[in-house]
Amino acid sequence: MPDSTALRHKVAIVGAAETDTVGNLPTHSTLMLHAESAYNALADAGLQMSDIDGVATAGISPAQLTEYLGIMPRWVDGTSVGGGSFLIHVGHAVAAIAAGYANTVLITHGESGRSRIGAGGGAPARQSTGGQFEAPYGVAGPPTMFSIPIARHMKVFGTTEEQLAAVSVATRAWAVKNPRAMMRDPITVEDVLNSRMIAWPLHLLNCCLVTDGGGALILVSEERARDFPQKPVWVLGRGESTMHQGIAQMIDFTEWTAAAKVTGPDAFRMAGVGHKDIDHAMFYDAFSHTPMYSLEALGFVKPGESGPYFAEMHTAPGGDFPVNTNGGGLSYTHTGMYGMFAIQESVAQLRGVAADRQVPGVETGIVHAPGGMFSATATLILGNR
Amino acid sequence: MQKPPRPLPEATPETKEFWDGMKRHELRIQRCEDCSQHYFYPRPFCPICHSRNVEWRTASGKGKLHTYVIAHRGHPAFDAPYVIAMVELDEGAKMMTNIVGVTDPTPDRLPVDAPVEIVYEDVNDQVTLPKFKLV
Ligand SMILES: [Zn+2]
């Protein structure tokens, strides 16, 4: 029977880049953000647009992307399940390249989350499950939906608002080291607790930014991967799942079940590594609790231990488990589907080019992301050896 | 400034019994006859064991406050702060709702696992929403 371990280390990321700047880009439409990211990743890999024969994107259709870029790939993936979609695309691209469906895959993200130029979205249809069973109660975007599990975690495990705040504090400390980050002033737990209440227990500084930007990746097979200007970053393991659309259908509000049962075990098994091998982690931080649920579900700590763990600053600069070293969605940038930026930072750390925020000796990194409100789940394990 | 309209549901074939029940002030949910579990939202099979042997029941309307947020910056049609909650019905199914009747909602007034009871909010001739109050 085919086994995913056969695809370990068979495909590498050889191009990785973001838009020239991220943050506030009223000069760019959504499609321009995709295209600028694609051109920058091509330049990073020393390739031309005409070299691309596989395309994956989310938020917009691959048809829209290929029309805009003027290419006609032989493999496409339009899996669009929220911010973690790009991690899923990487996993799919590994299989597609190994199968010979495509040789040179481009994955793009572009989102005018702040300026809303050419952006989609809007209220759910009244007959959709969200329109019937969530919208009537006044949910108003991620701050009032993604946050709903937290009170249960607090009740069951004793998690506190101070511990939630510590996640934001540790992440901001990394952003201080990243000149591209939108928010670069150091903050304290008190600053977080004193910031405006958005949806208890979340204060403003527990919530991600809303920005414009994009990023792109280029993947090729092991045989070609060493012939590019950049050090290859190998895809060692991947996992993906979906478990609900609306937050009201979450199976257990105290845990990220799909990560614990499916994507984490699948990714670690395929990669053939253990938790101790992970030198660096990117845990998608839409809100302070998202990385806490990641840490627990992936088995880095036991259920309920993530609050004290973050409060002890293990994940901050100088700590023994660096997490979200670009400053995360909380302080670096968050266009809406941030997963692409989490991959970009993992690649930068594995290439050893993360400048002031570089973690010494990174060989293996994990990237983990939700799509929607813990709706989809994706895990990648990447390495540079 | 005039408020935008409230988002209101529109029934589909498999949810019509629930919304029709709301108009009669009855909480109609489904129970799986094979695994004996209640579930929500309505669909013509059990999402837990995947049996299609399911029946409509009238639930008690009693339950517990499972988890919630207090929206301070929420939907413009709502007066903030307001409580968006998950209620676990005594029958076992969970549903999203609002907790009503708590003026100036704060976490200490809304203990997780507190008992709650349904309140039917007749929004208009077509729509009644299930809301809950602390008891
Ligand atoms: Zn059943």
If I build a Gaussian network model for chain A, linking alpha-carbon pairs within less than 10 angstrom, which residue out of A:305, A:67, A:255 has the largest mean-square fluctuation? A:67
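Once you average over the residues of B:8-20, how many Cβ atoms of partner chains fall within 10 Å of each Cβ?
Other-chain Cβ atoms within 10 Å of each residue's Cβ, averaged: 3.
Under 1.5 on a/c is rounded, so check that first for the stretch A:101-222, then, if it is not, pick prolate when a/b is larger than b/c and oblate when it is not; a ≥ b ≥ c are the square roots of the alpha carbon gyration tensor eigenvalues.
On the way: a/c = 1.86, a/b = 1.17, b/c = 1.58.
Taking the square roots of the gyration eigenvalues as a ≥ b ≥ c, the stretch A:101-222 is oblate.
Determine Rg/Rh for the stretch A:196-295; Rg is computed over alpha-carbon atoms and Rh is the Kirkwood hydrodynamic estimate from the same atoms.
Working: Rg = 17.5 Å, Rh = 16.9 Å.
Taking Rg over the Kirkwood Rh, I get 1.04.
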For residue A:231, counting only aspartates and glutamates whose alpha-carbon sits under 16 Å away and dropping same-chain residues fewer than eight positions off, the answer is A:44, A:222, A:223, A:345, A:363
Most fluctuating residue of A:165, A:135, A:45 in a GNM of chain A with Cα springs under 10 Å: which is it? A:135
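Can you list which of the DSSP-assigned H helices in chain A have a Cα extent of 20 Å or more along the long axis and an average Kyte-Doolittle score of at least 1.6?
Correct list, ordered by number: A:85-99.
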Alpha-carbon spread of the stretch A:1-159, three principal axes, descending order, Å: 50, 48, 33
Pick from B:44, B:111, B:76 the residue whose mean-square fluctuation is largest in a GNM of chain B, springs joining Cα atoms under 10 Å. B:76
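Mind putting a number on the dipole of the protein assembly as shown about its Cα centre? Charges go on the C-beta only, +1 for Lys and Arg and -1 for Asp and Glu, and I need it in Debye to the nearest 20.
220
For chain A, what is the calculated [θ] at 222 nm in deg cm²/dmol (nearest 500), taking -39500 (n - 2.57) for each run of four or more DSSP H residues and dividing by its residue count?
Theoretical 222 nm ellipticity from helices: -8500 deg cm²/dmol.
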Note: A:200-213 gets an average of partner chain Cβ contacts (10 Å, Cβ to Cβ) equal to 2
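How long are the semi-axes of the ellipsoid equivalent to the stretch B:16-134, from square roots of 5 times the Cα gyration tensor eigenvalues, in whole Å, largest first? It would help to have the intermediate numbers written out before the result.
Numbers: eigenvalues 143, 56, 28 Å².
Working through the eigenvalues yields semi-axes of 27, 17, 12 Å.
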Where q = 0.06 Å⁻¹, what log10 of I(q)/I(0) comes from the Debye formula for the protein assembly as shown, counting one point per Cα? -0.28
Quick check for me: using +1 on Lys/Arg Cβ and -1 on Asp/Glu Cβ, what's the dipole size of the stretch B:16-134 about its Cα centre, in debye to the nearest 20? 180
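Rounded to the nearest 500, what is chain B's calculated 222 nm mean residue ellipticity when only DSSP H runs of at least 4 contribute -39500 (n - 2.57) each, over all residues? Present the calculation step by step, with values, prior to reporting the outcome.
Values: 1 runs with 8 residues, N = 135.
It comes out at -1500 deg cm²/dmol, rounded to the nearest 500.
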Other chains' Cβ within 10 Å of A:138-146 residues: what's the mean? 6
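Read the figures in this text as sums done on the coordinates, not as results from a lab. It should be emphasised that the depicted structure is a prediction, and the values quoted were computed from it without experimental measurement. Methodologically, a virtual Cβ is constructed for each residue, glycine included, from the backbone with ideal geometry; neighbour enumeration extends over all protein chains shown.
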